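Take a look at the structure below.
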Amino acid sequence: MEEARAAFLAVDGDASYISGGQSLVPALAMRLQAPAVLVDLSGIADLRGVELQGETLRIGALTRHADALTHPLIARHAPLLNAAAPFVAHPAIRNRGTLGGSVSLADPASEFPAMMLAMGAQMEIFGEDGFRRVPADDYFIDLYQTALEPGDILTALYVPSVGPHHRWAFDELARRRGDYAMVGAGILAHMDGALVESARIALFSVGSTPVRAPGAEAALAGRLLDAKTIADAQRALDDDLDPPDDEHIPAAMRRHLARVLLGRLLQRLGETP
Amino acid sequence: MSASPMSDFLPVTLTVNGTAVSRMVAPRTTLADFVRTDLQLTGTHTGCEMGACGACLVLMNGEPVHSCLVFAIQADGAAIETVEGLTERGAIEDLQRAFHERNALQCGFCTPGMLVTGHAILEKGGLPDREHIRDALSGNYCRCTGYEAIVDAIERALREREGCA
Ligand SMILES: Cc1cc2nc3c(=O)[nH]c(=O)nc-3n(C[C@H](O)[C@H](O)[C@H](O)COP(=O)(O)OP(=O)(O)OC[C@H]3O[C@@H](n4cnc5c(N)ncnc54)[C@H](O)[C@@H]3O)c2cc1C
Ligand code: FES
Ligand code: FES
């Protein structure tokens with residue numbers, strides 16, 4: 001890892017790390033980036049593996065999208081990743097793309113970065129002063145901008161394991177399977193029967209970073225998950241969002257889609273025992 | 001780990017269609033360019049070169065990957081199989097026959113990628129429904145056939161292998 005950092009820093013930042021290459025290589029092909037040096041992280045053993053450490057699942061940065069679909073520990077302890085994985089790109093891309101690469105890139109339309117927020121995960125980063133951990137709430141800063149400083153390596157994702165009182169739901173609205181979503185969201189709720197004790201809601205494709213929905217979360221906390229609560233959460237969501245107005249999808253349409261999606265997901269939360 | 005200045009050539013050793021290959025390659029040579037140009041295996045096509053069309057799919061250690069999104073040096077030590085390899089060892093004879101009989105190709109540009117994805121579906125086994133087949137094909141673009149015939153052909157090959165043709 002020191003070796004990789006040294007190689008990166010040796011060229012004054014004119015370098016890129018490469019993991020799965022499924023975002024970086026297209027960017028190079030389109031000449032969006034032209035680093036002098038590529039530093040391949042894929043041989044670093046410390047970035048691999050999925051293991052349970054007490055109540056926390058450590059997911060090595062090189063864990064592939066395909067593993068999020070099939071790894072039993074991920075399915076059991078971080079089910080939102082498992083639920084999101086089928087929506088990420090296409091099968092062959094999932095065979096190469098890594099969770100660490102996705103969370104490093106922090107595309108605001110990506111599924112996994114948003115799920116870091118929903119799950120309250122921590123990113124482990126190796127940098128100048130060794131290792132540090134950054135909670136997801138502090139990690140996403142702006143468009144493609146994260147707590148990663150130049151030369152920093154994202155080493156692992158630490159995800160709190162879900163317990164028997166957790167329920168979750170994920171979905172997205174896209175034009176075509178595998179396309180980036182027009183709007184997507186994941187919810188992780190702590191529930192006692194139909195009572196929502198607390199909920200974390202994260203949305204993607206609604207702004208320059210993945211976002212939490214504190215208003216909607218507050219509208220749910222301490223309430224029974226009935227039609228009125230769902231309607232209140234949907235209303236509150238409006239103030240949580242500030243979607244961009246782009247030529248394909250006007251802001252008002254994104255707000256509408258987000259509202260519909262939230263309603264659907266909450267409905268589903270209520271139905272799963 | 002490799003820090004790779006653009007100019008220097010690097011050694012790569014891998015197996016391609018069962019044959020061991022050692023070459024010097026420029027670090028930014030994609031696996032697609034490597035098999036097409038260095039190895040003259042032109043069955044693998046390159047369309048978009050950005051992971052969108054699926055014409056360049058090959059098997060890397062048995063799994064479909066886009067050869068336009070892998071650098072040849074990243075395949076060091078790997079086992080690569082292209083559509084030529086699958087054809088030569090008869091692994092997709094039934095699939096190719098089904099494509100032919102069902103007219104599942106017109107210009108043929110997408111066909112190598114379709115066959116690699118089709119092979120992966122067949123290897124998984126079982127009888128996935130058409131929805132699943134379409135899902136598995138979501139990364140393969142075909143500008144000619146409208147997909148119906150391709151899904152038909154894969155379904156037919158699946159049924160034959162499951163012995164319920
Ligand atoms: C056709 C197509 C469709 C796609 N559809 C989707 C989709 O629907 N949803 C989605 O989320 N993604 C999608 N992707 C992107 C895909 O999921 C990528 O695999 C992922 O975004 C990046 O992972 P990677 O390992 O390939 O990263 P790379 O491409 O290797 O790297 C991406 C960036 O992160 C940096 N980086 C990588 N690893 C680290 C690390 N450990 N520490 C620090 N920096 C690092 C690199 O320097 C680079 O800037 C799609 C890609 C393609 C080509
Ligand atoms: S050439 Fe590789 S996906 Fe199009
Ligand atoms: S047959 Fe022409 S692209 Fe598919």
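The values are calculated or read from the model by the stated rules, or taken from the named source; none is laboratory data. Computed from a prediction, not measured in an experiment: that's the story for all the values here. When we count neighbours, we look across all protein chains shown, and the Cβ atoms used for this are built from the backbone with ideal geometry, even at glycine. Calculation scope for accessible area: heavy atoms of the full protein, side chains included, ligands and nucleic acids excluded. Shrake-Rupley method; radii C 1.70, N 1.55, O 1.52, S 1.80 Å.
Exactly one of these conditions fails for A:PHE8: (1) closer than 24 Å to A:ILE141 by Cβ; (2) away from chain B (no Cβ under 14 Å). Give me its number.
(2)
Consider the stretch A:207-262. How many of its residues are within 25 Å of A:ALA147 (Cβ to Cβ), of a type in the set (Asp, Glu) and out of contact with any strand residue (DSSP E or B) (no Cβ under 8 Å at 6 or more places or on another chain)?
1
What strands (runs of 3 or more DSSP E) lie completely within the stretch A:1-114 and have 2 or more residues being open to solvent by less than 10 Å² (accessible area, probe 1.4 Å) and more than 25 Å from B:THR29 (Cβ to Cβ)?
So the answer is A:56-60.
Having 2 or more residues that are within 15 Å of ligand 1 (Cβ to nearest atom) is the bar; report the strands (runs of 3 or more DSSP E) wholly within the stretch B:49-111 that clear it.
Filter on the stretch B:49-111 gives B:57-60, B:63-66.
Could you count how many residues in the stretch B:123-141 are out of contact with any Asp or Glu (no Cβ under 8 Å at 6 or more places or on another chain) and more than 14 Å from chain A (Cβ to nearest Cβ)?
1
Would you check which residues across the stretch B:23-81 are polar (S, T, N, Q) and buried (at least 20 other Cβ atoms within 10 Å of the Cβ) and list them?
Taking the stretch B:23-81 and keeping what is polar (S, T, N, Q), we get B:29-30, B:37, B:40, B:42, B:44, B:46, B:61, B:67, B:74.
Answer for the stretch B:23-81, where residues must be polar (S, T, N, Q) and buried (at least 20 other Cβ atoms within 10 Å of the Cβ): B:THR30, B:THR44, B:SER67, B:GLN74.
Name the single residue that is surrounded by the most Cβ atoms within 10 Å (Cβ to Cβ) among those in the stretch A:221-273 being assigned to a helix (DSSP H, G or I) and of a type in the set (Lys, Arg).
Among residues in the stretch A:221-273 that are assigned to a helix (DSSP H, G or I) and of a type in the set (Lys, Arg), the one surrounded by the most Cβ atoms within 10 Å (Cβ to Cβ) is A:ARG254.
Tally time: how many residues in the stretch B:89-126 are within 16 Å of ligand 3 (Cβ to nearest atom) and closer than 23 Å to B:LEU41 by Cα?
19
What number of residues in the stretch A:178-198 are touching a residue at least 12 places away in the same chain (Cβ under 8 Å) and either within 16 Å of ligand 2 (Cβ to nearest atom) or in a loop (DSSP other than H, G, I, E, B) (or both)?
Residues flagged as touching a residue at least 12 places away in the same chain (Cβ under 8 Å) and either within 16 Å of ligand 2 (Cβ to nearest atom) or in a loop (DSSP other than H, G, I, E, B) (or both) within the stretch A:178-198 amount to 5.
Pull up the stretch B:112-148, narrow it to residues that are of a type in the set (Val, Ile, Thr) and closer than 24 Å to A:PRO86 by Cα, then point me to the one that is nearest to the chain's Cα centre (by Cα).
Let us first name the residues in the stretch B:112-148 that are of a type in the set (Val, Ile, Thr), namely B:116-117, B:121, B:133, B:145.
When the remaining residues are screened for being closer than 24 Å to A:PRO86 by Cα, the result is B:116-117, B:121, B:133.
Numbers: B:VAL116: 4, B:THR117: 7, B:ILE121: 12, B:ILE133: 16 Å.
Looking at the filtered set, the residue picked out is B:VAL116.
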